[in-house]
Amino acid sequence: MTSSKWILVFVLSISIGIRPSLAASSASKLIIRPSVCMVKKLGDSCQMTVKVMWQNEQPIDACLFQNDLRLSCWKNVDDINTEIEISLDKDMKFTLKNEQQVFAYQQIKINTALPKKYRRRLRADWSFF
């Protein structure tokens, strides 16, 4: 009885180990660096050059979109490593897709150098003591 339990545990551990690697290999991978843009204050526009890298197992036709704006397109390729000039006013979603499906996406965030709000003072300016 104990040997059958060990066999079951062994079979389950092998099946669990194989499944994630198969799922990860079938998806497109999109990497955009840097993934954060720093601005002086909220509302400022951010212009920067980003490195775009993506790969797929099979050659595909795909375009890179910044929200609804098409930035660049590629035909019958399985990997790209290029630089693109972008401009951001707020956090944006970059999507690699064609007419039929979305292959991958990544969010680019905007951070401000100055805090959004000042910290509220914990005690009053005046005091009896």
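The values are calculated or read from the model by the stated rules, or taken from the named source; none is laboratory data. All values reported here derive from a predicted model rather than from experimental measurement. Please note: Cβ atoms are built from the backbone with ideal geometry, for glycine as well, and neighbour counts cover all protein chains shown.
Contact annotation: residue pairs with Cβ atoms under 9 Å, 6 or more positions apart or on different chains, pairing a residue in segment 64-88 that is acidic (Asp, Glu) with a partner that is surrounded by 16 or more Cβ atoms within 10 Å (Cβ to Cβ), are Asp78/Asn56; Asp78/Ile60; Asp79/Trp54; Asp79/Asn56; Glu83/Val50; Glu83/Val52; Glu85/Val50. For segment 77-99, the set of residues classified as under 22 Å from Cys46 (Cα atoms) and among the β-branched types (Val, Ile, Thr) consists of Thr82, Ile84, Ile86, Thr95, listed by residue number. Restricting segment 17-43 to residues that are of a type in the set (Val, Ile, Thr) and within 26 Å of Pro59 (Cα to Cα), the residue that is modelled with the lowest pLDDT is Ile18.
Taking segment 24-68 as the range and being among the polar types (S, T, N, Q) and either surrounded by 12 or more Cβ atoms within 10 Å (Cβ to Cβ) or in a loop (DSSP other than H, G, I, E, B) (or both) as the test, the residues that pass are Ser26, Ser28, Ser35, Ser45, Gln55, Asn56, Gln66, Asn67. Of all residues in segment 80-92, those that are surrounded by 12 or more Cβ atoms within 10 Å (Cβ to Cβ) and part of a strand (DSSP E or B) total 7.
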